[in-house]
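Trainee: Pasting a structure here, questions to come.
The values are calculated or read from the model by the stated rules, or taken from the named source; none is laboratory data. Being a predicted model, the structure only gives us computed values, none of them experimental. Cβ placement follows ideal geometry from the backbone for every residue including glycine, while neighbour counts extend to all protein chains displayed. To get the accessible areas, we keep the full protein, side chains included, count just its heavy atoms, and leave off ligands, DNA and RNA. Shrake-Rupley method; radii C 1.70, N 1.55, O 1.52, S 1.80 Å.
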Amino acid sequence: KWLQLLAFMTLALGANSAPAYSQTSPPSRPILFVHGWCGSVYDWANLYSALFNGLPQSLYPTPVSYAHQLVYYVQYNSHTGTIKFALENDPSKGQSGGLTALKESEIPSSARLFAIQFYDPILGSDDPANVARVSILNKANELAQVIKHITSITGVGKVNIVAHSMGGLDIRAYLENMASAGDCYDYVNNLPYYKSPCSPGQPGAAYANNVGAVITIDTPHAGSPLADSALRSLLPDSY
């Protein structure tokens, strides 16, 4: 299964390459890895080694001085409007590989691999249990802002997305112009909340035509009957 997935990803990402923007940048679109529900940025660790070996060097060259590709960790705080970057010291080792904090200005335009860690701005936490309650519409806004920064850093107008599970729904919400900068969750009553300040598709979070291709893995695009019935039992009649 993983070999088939790797072959498909390699073909899809390679086929959607873009022209070179400078002599120092590879002729390819950046890739953003998006984790799923109760997941983390490190969920991709087992895939990296095979993916790095499978991607064509002409599009995603491995830096001469490194034994592996460079993956940049990124996290966006929707309440403060601030973004954080770091270099994954050894992406294939996951969290144990460690991070080196970087300023955005320190990331070269040749950077091509990024991985987002979703964030709960209420508790100031990236713990999976806390992040799990952040609305898909708000996660879509995190993606909107991160993608804008990646296109600015690289000078490439579109980003390729590889998303797992709910991460696929998060990027779909952005593509369908449903991202919201305002909270779409009632943290007091611990329920989804789709009234103001929730504001899908408003300026700043609206889709900016900056996604080139999307690959989703185990994403419930047709919905989940179990999740739907559980949610309906929790929501008041006014929703």
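Trainee: Can you tell me which residue in segment 39-72 is least open to solvent (accessible area, probe 1.4 Å), limited to those that are farther than 20 Å from Ser165 by Cβ and modelled with pLDDT of 90 or more?
Mentor: Top of the filtered list is Tyr72.
Trainee: Then there's this: Which ones in segment 157-189 are of a type in the set (Phe, Trp, Tyr) and either over 22 Å from Gly36 (Cα atoms) or surrounded by 18 or more Cβ atoms within 10 Å (Cβ to Cβ) (or both)?
Mentor: Tyr174, Tyr185
Trainee: Scan segment 34-62 residue by residue and report those that are hydroxyl-bearing (Ser, Thr, Tyr) and within 24 Å of Ala129 (Cβ to Cβ).
Mentor: Residues satisfying the conditions are Ser40, Tyr42.
Trainee: Something else about it: Counting just the residues of segment 128-156 that are open to solvent by 20 Å² or more (accessible area, probe 1.4 Å) and among the charged types (D, E, K, R), which one comes out nearest to the chain's Cα centre (by Cα)?
Mentor: Lys148
Trainee: Could you say whether any residue in segment 207-221 is open to solvent by 50 Å² or more (accessible area, probe 1.4 Å), under 19 Å from Gln117 (Cα atoms), of a type in the set (D, E, K, R) and modelled with pLDDT of 95 or more?
Mentor: no
Trainee: Got a sec? Which of Pro192, Pro197, Pro225, Pro203 is in contact with a Cys (Cβ under 9 Å, 6 or more places away or on another chain) and open to solvent by 40 Å² or more (accessible area, probe 1.4 Å)?
Mentor: Just a single option satisfies the conditions, and that option is Pro197.
Trainee: Which condition number in (1) under 22 Å from Ser92 (Cα atoms); (2) open to solvent by 10 Å² or more (accessible area, probe 1.4 Å); (3) more than 11 Å from the chain's Cα centre (by Cα) is the one that Ala111 fails?
Mentor: Just one mismatch for Ala111, condition (2).
Trainee: Take segment 73-92 and flag every residue that is open to solvent by less than 20 Å² (accessible area, probe 1.4 Å) and touching a residue at least 60 places away in the same chain (Cβ under 8 Å).
Mentor: Val74
Trainee: Could you tell me whether segment 158-168 includes any residue that is farther than 21 Å from Ala132 by Cβ, assigned to a loop (DSSP other than H, G, I, E, B) and within 16 Å of the chain's Cα centre (by Cα)?
Mentor: yes
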